[in-house]
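K.L.:
Input: one structure, supplied below.
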Amino acid sequence: MRLTRRYRFAASHRLNTDALSPQDNARLYGKCNNPFGHGHDYVLDVTVEGVPDGSGQIVNRDTLDALVNTQILARVDHRNLNVDVPALAGRVATTENLAFAVEAMLKERWTLPARLARVRIAETPRNTFELDTQ
Ligand code: NI
């Protein structure tokens with residue numbers, strides 16, 4: 001059985017890599033390369049998978065919320081993803097890379113009996129990224 005729990009955060013980013021010239025960055029990332037960045041209201045869905053225990057639940061939701069608050073929301077909400085999130089250091093702050101960073105940050109402290117099955121991040125109403133985790 002799977003449970004998906006939804007969280008929200010706001011953050012800014014700029015898509016840019018030091019490996020390319022300013023012109024090539026602008027060509028590759030378009031307006032997402034604008035120098036002063038821009039923000040999104042991200043929607044994060046965390047999916048856990050497991051078997052209900054004696055309480056009839058696959059995971060204690062307060063425990064999951066506490067983990068997500070500490071490991072993710074405290075680190076990304078109202079932050080600049082390019083500079084404030086060590087798990088993204090050296091990577092372009094795309095939402096693809098953010099999904100991998102969220103997986104890594106959750107697994108740092110994962111003690112829940114249920115398995116982390118998926119990280120899903122909606123960046124805009126048109127762009128949603130899903131990462132099936134191991
Ligand atoms: Ni963006």
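K.L.:
Report, by residue number, each residue of region 24-51 that is among the acidic types (D, E) and outside any helix (DSSP H, G or I).
P.N.:
Residues satisfying the conditions are D41, D45, E49.
K.L.:
Which residue, of V59, V68, is part of a loop (DSSP other than H, G, I, E, B), at pLDDT 95 or above, open to solvent by less than 50 Å² (accessible area, probe 1.4 Å) and away from the ligand (no atom under 16 Å from the Cβ)?
P.N.:
V59
K.L.:
Separate question: Just name the residue that is most open to solvent (accessible area, probe 1.4 Å) out of those in region 93-123 that are among the polar types (S, T, N, Q) and touching a Ser or Thr at 6+ places or on another chain (Cβ under 9 Å).
P.N.:
Among those that are among the polar types (S, T, N, Q) and touching a Ser or Thr at 6+ places or on another chain (Cβ under 9 Å), it is T111.
K.L.:
Using beta carbons and a limit of 7 Å, which pairs, at least six apart or on different chains, have the first residue in region 116-134 and touching a residue at least 40 places away in the same chain (Cβ under 8 Å) and within 20 Å of A10 (Cα to Cα) and the second one in a loop (DSSP other than H, G, I, E, B) and open to solvent by less than 40 Å² (accessible area, probe 1.4 Å)?
P.N.:
Once the first residue is touching a residue at least 40 places away in the same chain (Cβ under 8 Å) and within 20 Å of A10 (Cα to Cα) and sits in region 116-134, its partners that are in a loop (DSSP other than H, G, I, E, B) and open to solvent by less than 40 Å² (accessible area, probe 1.4 Å) give V119/T133.
K.L.:
Looking only at region 101-114, filter to residues that are out of contact with any helix residue (DSSP H, G or I) (no Cβ under 8 Å at 6 or more places or on another chain) and part of a helix (DSSP H, G or I); which one of those is nearest to V59 (Cα to Cα)?
P.N.:
K107
K.L.:
Name every residue in region 1-52 that is open to solvent by 70 Å² or more (accessible area, probe 1.4 Å), within 14 Å of the ligand (Cβ to nearest atom) and among the charged types (D, E, K, R), in order of residue number.
P.N.:
Matches in region 1-52: K31, D41.
K.L.:
Tell me yes or no: at least one residue of region 18-41 is aliphatic (A, V, I, L, M) and either closer than 18 Å to D132 by Cα or in contact (Cβ under 8 Å) with a residue 24 or more places away in the chain (or both).
P.N.:
Taking every residue of region 18-41 in turn, none turns out to be aliphatic (A, V, I, L, M) and either closer than 18 Å to D132 by Cα or in contact (Cβ under 8 Å) with a residue 24 or more places away in the chain (or both).
K.L.:
Does L106 fit the bill of being among the hydrophobic types (A, V, I, L, M, F, W, C) and closer than 23 Å to Q134 by Cβ?
P.N.:
Criteria met by L106.
K.L.:
Which members of region 88-134 meet the condition of being acidic (D, E) and within 13 Å of the ligand (Cβ to nearest atom)?
P.N.:
Within region 88-134, E96, E123 qualify.
The values are calculated or read from the model by the stated rules, or taken from the named source; none is laboratory data. Remember, it's a predicted structure, so these values are computed and weren't measured experimentally. Using ideal geometry, Cβ is built from the backbone for each residue, glycine included, and neighbour counts are taken over all protein chains shown. SASA here: full protein model, heavy atoms, side chains in, ligands and nucleic acids out. Shrake-Rupley method; radii C 1.70, N 1.55, O 1.52, S 1.80 Å.
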